[in-house]
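Asker: Before I ask anything, let me first share the structure, which is written out below as structure tokens.
Every read-out reported here was derived from the displayed coordinates using simple, explicitly stated rules and does not represent laboratory data. What you see is a predicted model, and the numbers here were worked out from it, not measured in a lab. Cβ sites come from the backbone with ideal geometry, for glycine too, and all protein chains shown count toward neighbours.
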Amino acid sequence: METGKSGGSLRILNPFTPGAGRPPRALIGRDHEIELMDRLITRTTLGLSNQAVVYSGLRGVGKTVLLRKFYTMAQEQDLLAIFIEATDEEEHDCLKLSEEIHKAAAHITNNHLLEQLEKTLEHITTVSVKAFGLGASVSFDQEDSQSANQSANQRIYQLEQTLEAVARTAQEAKSGLILFVDEFQEMSARLMGALISLQQEANSLNLPFYIVGAGLPDLPGILSKCHSYAERLFTYREVGRLSRYDTAAGFQEPAKSVGKSFTDAALDRLVADSQGYPYFIQAYGEAAWNEADSSPITEEAVERGESVAIRELDSGLYTSRWQRATQLGRKFMTAMASTGEDACKSSDIANLLGKKASGLTAIRQQLIQLGLIYSPEYGKLAFTVPGMADFIRRTEPASVQVYDRAHR
Ligand SMILES: Nc1ncnc2c1ncn2[C@@H]1O[C@H](COP(=O)(O)OP(=O)(O)O)[C@@H](O)[C@H]1O
Ligand SMILES: [Mg+2]
């Protein structure tokens, strides 16, 4: 057994990465998804068509890091790759998208394509200045709602024109345009609808433009509601927990990458603690590592780290989300947690709260919009964050947390 001088020397090598969007040292259990994306990218460079893709899953399963991995893969193959995290602020998303188109163009290494893209983007700017005048977007306080609406439509129209022209230019050089949209469910229905329409048009024109979206489990339903064609336009993939085997690798591989390891007993305990959820793997792995003073890391170190891991999960996953809900929202979620079911019946919540189900529609909707709960099937509700029910039962947070309006 190798013993470090102190826990400190081992700590410095800690390879675990708990935190939203933090790339893991080893991206475990996603080989198939990577292979599919690799196929999409290669087919695009061969001038062959593809289907756009949507990934959905609970919080903390690794959607963002997967999407970012795809983004890098696309860039490496000289495709135009755009990455945005959607918000419910349409103007912000539009501006971000325009910025990212320019950034994506700047990444292209094929000089001929780069020149053509510059020409295309310049042309689009000239045309839109002619059509709408300089400074087309006037600030909102100067506008009445009709002209606000008009300039929003204009903004989206310009964006569609740009995306289409860029995809066309890319096509001539056997490249393509991939738009990665994280938290897709957050996007305004108008912008979402426009992007879906554009996807539909690109498909029929055989243009290499592909949306690769990611979001919560209700994203497929939101897309279908937004646009009747959505169901047929996308391949839907679920991102979920890792298998038992992959979960063990999720601990052992990062450890081995820095020349250390876990004992079998430590691994068994870590697998049970993490339940295969990638965020949990990082939290329990990090905590066990920090409690160890030698390698292989033992079950005792895992045990000592458990309370630290739970605190990490509380602050990284649960507390801030809990704080987003109003008092009534918290009562609603506490009732959900008390059922002990993964997916509970809306009618049971109403009974528990002594109300009619119809009287709870607004609060239910608010919690869905906040991304805290979703409806996995008709009449049922579940938390979007794994372990949220446990957190609520364990900490009974209702009376101690303030309502944090600013924190979204
Ligand atoms: N395939 C994976 N293997 C190991 N760890 C992962 C994997 N995917 C994600 N993680 C880790 O899980 C955490 C959450 O990842 P993230 O992409 O933010 O999830 P999501 O976007 O689904 O909420 C991060 O700490 C990340 O390092
Ligand atoms: Mg994410």
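Asker: Calculate, for residue 173 and residue 149, the FRET efficiency according to 1/(1 + (r/R0)^6) with r their C-beta to C-beta distance and R0 45 Å; round to the nearest 0.05.
Answerer: Numbers: r = 37 Å, r/R0 = 0.83.
Working from the Cβ atoms, E equals 0.75.
Asker: For the range 279-376, run through the chymotrypsin sites (Phe, Trp or Tyr not before Pro) and keep only the ones in DSSP coil with at most 15 other Cβ atoms within 10 Å of their Cβ.
Answerer: On the way: sites: 279, 280, 284, 289, 318, 322, 332, 374; in loops: none.
Listed in order of number, the matching sites amount to none.
Asker: From the residues 170, 219, 284, which one has its Cα farthest along the dipole of the chain in the positive direction, the dipole being from +1 and -1 charges on Cβ of Lys/Arg and Asp/Glu about the Cα centre?
Answerer: Of the candidates, 219 comes out farthest on the positive side.
Asker: Could you give me the ³J(HN,Hα) list for the range 366-376, computed from phi with Karplus coefficients 6.51, -1.76, 1.60 and θ = phi - 60°, whole Hz, x at Gly and Pro?
Answerer: Ordered by residue, 3J(HN,Hα) equals 5, 5, 5, 5, 6, x, 8, 9, 8, 10, x Hz.
Asker: Around residue 284, what is the net charge, scoring Lys/Arg as +1 and Asp/Glu as -1 over all other residues with Cβ under 10 Å from its Cβ? Intermediate values should be presented prior to the final figure.
Answerer: Details: positive: 269; negative: 273, 286, 306, 312.
Within the 10 Å Cβ shell, the charges total -3.
Asker: Per 0.36 nm of contour for each residue apart, how much would the distance between residue 303 and residue 190 grow if the chain were fully extended, relative to their Cα-Cα spacing? Provide the component values of the computation, followed by the final result.
Answerer: On the way: separation 113, 0.36 × 113 = 40.68 nm, distance 4.98 nm.
Taking 0.36 nm per residue and subtracting the Cα distance, the gain is 35.7 nm.
Asker: Separate question: Using the Cα centre of the range 325-399 as origin and beta-carbon charges of +1 (Lys, Arg) and -1 (Asp, Glu), tell me which of 375, 347, 395 is placed farthest towards the positive end of the dipole.
Answerer: 347
Asker: Can you give the charge dipole size of the range 31-238 about its Cα centre, rounded to the nearest 20 debye, using +1 on the beta carbon of Lys and Arg and -1 on the beta carbon of Asp and Glu?
Answerer: Values: 17 positive and 30 negative charges, 116 e Å.
Once rounded to the nearest 20, the dipole reads 560 debye.
Asker: Specify whether the C-alpha gyration tensor of the range 325-399 places it in the rounded, prolate or oblate class, a ≥ b ≥ c being the square roots of the eigenvalues: rounded for a/c under 1.5, otherwise prolate if a/b is larger than b/c and oblate if not.
Answerer: Values: a/c = 1.32, a/b = 1.21, b/c = 1.10.
It is rounded, given that a/c, with a ≥ b ≥ c, falls under 1.5.
Asker: Based solely on its DSSP helices, what 222 nm [θ] is calculated for the chain when runs of n ≥ 4 H residues each add -39,500 (n - 2.57) and the sum is averaged over all residues, nearest 500 deg cm²/dmol?
Answerer: Numbers: 18 runs with 228 residues, N = 408.
Calculated from helices alone, the mean residue ellipticity at 222 nm is -17500 deg cm²/dmol.
Asker: Using the structure shown, select from 63/331; 69/103; 225/355; 331/355; 331/356 the pairs with a Cα to Cα distance greater than 19 angstrom.
Answerer: From 63/331; 69/103; 225/355; 331/355; 331/356, over 19 Å: 63/331; 225/355.
Asker: Oh, and also: Report, by chain and number, residues whose modeled amide H sits under 5 Å from the one on residue 380, excluding near sequence neighbours (fewer than 5 apart, same chain).
Answerer: 346
Asker: Follow-up question, since we're still on this one. Decide, for the range 31-238, between rounded, prolate and oblate: order the square roots of the alpha carbon gyration tensor eigenvalues as a ≥ b ≥ c, take rounded if a/c falls under 1.5, and otherwise choose prolate if a/b is larger than b/c, else oblate. Display every interim value, and only then the final one.
Answerer: Details: a/c = 1.83, a/b = 1.16, b/c = 1.58.
In terms of gyration-tensor shape, oblate.
Asker: Counting only DSSP beta bridges with both residues in the chain, what percent are antiparallel, rounded to the nearest 5?
Answerer: Of the beta bridges lying entirely in the chain, close to 20 percent run antiparallel.
Asker: Can you give the FRET efficiency for residue 20 and residue 126, using 1/(1 + (r/R0)^6), R0 = 41 Å, r = Cβ-Cβ distance, to the nearest 0.05? Write out the running numbers ahead of the final one.
Answerer: Details: r = 40 Å, r/R0 = 0.99.
Efficiency computed from Cβ-Cβ geometry: 0.50.
Asker: Hey, another quick one. Using the Karplus curve 6.51 cos²θ - 1.76 cosθ + 1.60 with θ = phi - 60°, what ³J(HN,Hα) values do you get for each residue of the range 344-355, in whole Hz, with x for Gly and Pro?
Answerer: The phi angles translate into 9, 7, 4, 5, 5, 5, 4, 4, 4, 8, x, 10 Hz.
Asker: Work out from phi, with θ = phi - 60° and the Karplus expression 6.51 cos²θ - 1.76 cosθ + 1.60, the ³J(HN,Hα) of each residue of the range 272-278, listed in order in whole Hz, and give x for Gly and Pro.
Answerer: Working through the residues one at a time gives 5, 4, 8, 6, x, 7, x Hz.
Asker: Please list the non-local residues whose amide H lies under 5 Å from the amide H of residue 235, H modeled 1.01 Å from N, same-chain partners needing a gap of 5 or more.
Answerer: 52, 53, 54
Asker: Still on this structure: Which listed residue (79, 111, 205) has the Cα farthest towards the positive end of the charge dipole for the range 31-238, taking +1 on Lys and Arg C-beta and -1 on Asp and Glu C-beta about the Cα centre?
Answerer: Going by the Cα projections, it comes out as 205.
Asker: Then there is this: For the range 232-259 and the range 50-79, what is the separation of their Cα centres, given in Å?
Answerer: If you average the Cα positions of each part, the centres end up 14 Å apart.
Asker: Students often get this wrong: which residues of the range 185-208 have the backbone nitrogen under 19 Å from the point 7 angstrom along Cα-to-C-beta of residue 89?
Answerer: Those under the cut-off are 185-192.
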